[in-house]
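A short write-up of the structure that comes next.
The values are calculated or read from the model by the stated rules, or taken from the named source; none is laboratory data. Owing to the predicted nature of the structure, the values given are computational and were not obtained by experimental measurement. We place every Cβ from the backbone using ideal geometry, glycine too, and count neighbours over all the protein chains shown. SASA here: full protein model, heavy atoms, side chains in, ligands and nucleic acids out. Shrake-Rupley method; radii C 1.70, N 1.55, O 1.52, S 1.80 Å.
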Amino acid sequence: MNILVTGGTGYIGSHTVVELLNKDHNVIIVDNLSNSKYEVLNRIKRITNKVVTFYQIDVCNKDDLKEVFKNHKIDSVIHFAGLKAVGESTEIPLKYYENNILSTLSLLEVMKEFNCKNLIFSSSATVYGYQSVMPINEEATLSATNPYGRTKLFIEYILKDLCLSDKSWNIALLRYFNPVGAHPTGLIGEDPNGIPNNLCPYITQVAIGKLPYLKVFGDDYDTIDGTGVRDYIHVVDLAVGHVCAIDKITTSPGLVIYNLGAGKGYSVLEMVKAFEKATGRKIAYKITPRRAGDIGTCYADASKAYNEMGFKTIKTIDDMAIDAWRFQQNNPDGIK
Ligand code: NAD
Ligand code: WQD
C-alpha cells in the first residue's frame, strides 16, 4: 500500500514509518520540520535499509499537498502532523488552532478531491479531560482542559461529522495515552527542544547530567506512593498499533475509535526506579507542589483495541527505560 504519513519525521511518526516499512508498505512522508530533523530520514534508512519519499511541506498548504497526491496514488493517510505542547498551547492558542485544525481540514479536502478516504488520526487521552473512573474506555464522556486538547476534541468531531455525511470514509481515531521510549537501535527517539515537558525525557536528561534533578509534581495523590500514575506505552508498541489500524480501516468501513495504551498505570516514582535500573545511576529528584491541571491517575481500558484489531502492548517499563536511555546516550544533544 502507498501510505502518506504527515508528521512522519516526528517522534511517533518516525517509529510508525519504520513499522510500516517492515511490513513492506511504501511510505511517503510530508513534514514541515518545525519539530523534527531531516536527519531522521537517514536514521530510518539505517534501521530499515529502505528509502521513503519525503516532501518538506506544510500540511496547511493545500496546493503543496495536491502535488503530493498527484505524484503518488495514496491509499491511506496517517495524520500525525500537529503541535503538541500543552503549556505552549495556553500561551499561543491561535497558533495551535490554526496549525492543528487547518492542517486537518486542508488534508481532508485534498484527500476527498483525490478520492482517498482511509485515514488514521493521532488523537490523545487528553480528550477524556478529568475522569474519576479508571480504567477509561472509549465510551467515556469527552472534554478538554487546554487549547491543545480542544484541537484534538474538535478534530474528532470534524471527523465524526465527515463519516456521518459520507459513508465512504474509513477513519480511525487513535487515542494515545503516554508514549515513551525509543527504537531499540537507539537511532530514533523523542527529541524535545529545550527543557522537556514530559516525564521520561526529563528523567533521561537528569541521568545524563544535563538537568540537576527531577521535580516530582506532588506526592499527595491517592495513588500507590502519592505520585501521579499514568499509562506509559512504548513508542514501538504504539507504532505497531498504527499498522493494526491500517489493516482495520481498509477491511471494515466507517469510523472506529481505539485507546492505545498498556492498560496499566505506573507512578512517577516507579518510573524513576525503572530508569535507575536501566541507567545504573541514581536519579536525583525533589518533591514539589502539584502541577496545575494534573490529575492523579489516568490509564486506559485497552481491551477494545485488542478485541477488534488484535493489538496489545508487549514491551515493559524496563524496555521503555532501557531504550529511552540508549537513545539519550547515543544522542546527548538530540538528533543532529
Ligand atoms: P512530534 O512533534 O515529534 O511530531 C509531529 C511532527 O509534525 C513534527 O515532525 C512536526 O515537524 C510536524 N508538523 C507539525 N505541524 C505541521 C504542519 N502544519 N505541516 C507539516 N508538518 C507539521 O510529535 P509526536 O509526539 O510524534 O506526536 C505526533 C502526533 O501524536 C501529534 O498529533 C500529537 O498531538 C499526537 N499525540 C502525541 C502524544 C505524545 O505524548 N507524544 C500523545 C498523544 C497524542
Ligand atoms: C506524566 C506524569 C506528571 C514531568 C501529557 C499531555 C497529554 C499527552 C501526553 C499529548 C504526571 C509527572 C512530569 C515532570 C513530574 N500528550 N511529571 N515531573 O501530563 O500525563 O500527559 O503528555 O496528547 O495530553 O498532557 O504526561 O509526561 O507530562 O507527566 O512529576 O517534570 O509525570 O505530574 O504525573 P501527562 P507527562
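Summary table below
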quantity	calculated
Qualifying residue in the range 55-74 (condition: touching a His at 6+ places or on another chain (Cβ under 9 Å) and surrounded by fewer than 22 Cβ atoms within 10 Å (Cβ to Cβ))	no
Residues that are of a type in the set (D, E, K, R) and within 13 Å of ligand 2 (Cβ to nearest atom), drawn from the range 174-199	Arg175, Glu190
Unique match (being at pLDDT 95 or above and in a helix (DSSP H, G or I)) among Leu108, Leu83, Leu33, Leu4	Leu108
Single condition Ser103 does not satisfy, out of (1) within 27 Å of Thr251 (Cβ to Cβ); (2) in contact with a strand residue (DSSP E or B) (Cβ under 9 Å, 6 or more places away or on another chain); (3) in contact (Cβ under 8 Å) with a residue 40 or more places away in the chain	(1)
Residue among Ala278, Ala245 that is among the small types (Gly, Ala, Ser) and within 16 Å of ligand 1 (Cβ to nearest atom)	Ala245
Meets criteria (more than 16 Å from ligand 2 (Cβ to nearest atom), in contact (Cβ under 8 Å) with a residue 60 or more places away in the chain and under 21 Å from Pro179 (Cβ atoms)) for Lys73	no
Helices (runs of 4 or more DSSP H) wholly inside the range 236-330 containing at least 2 residues that are buried (at least 22 other Cβ atoms within 10 Å of the Cβ) and modelled with pLDDT of 95 or more	268-279, 317-330
Near pairs, Cβ below 6 angstrom, 6+ apart or cross-chain, from the range 113-135 (under 23 Å from Val86 (Cα atoms) and away from ligand 1 (no atom under 11 Å from the Cβ)) to any residue that is open to solvent by less than 40 Å² (accessible area, probe 1.4 Å) and modelled with pLDDT under 95	Tyr130/Ile295
Cβ pairs under 8 Å, 6+ apart, first in the range 214-226 and over 8 Å from Leu269 (Cβ atoms), second of a type in the set (Ser, Thr, Tyr) and within 16 Å of ligand 1 (Cβ to nearest atom)	Leu214/Tyr202
Hits in the range 60-98 - residues which are within 17 Å of Asn118 (Cα to Cα) and of a type in the set (A, V, I, L, M)	Leu65, Val68, Ile74, Val77, Ile78, Ala81
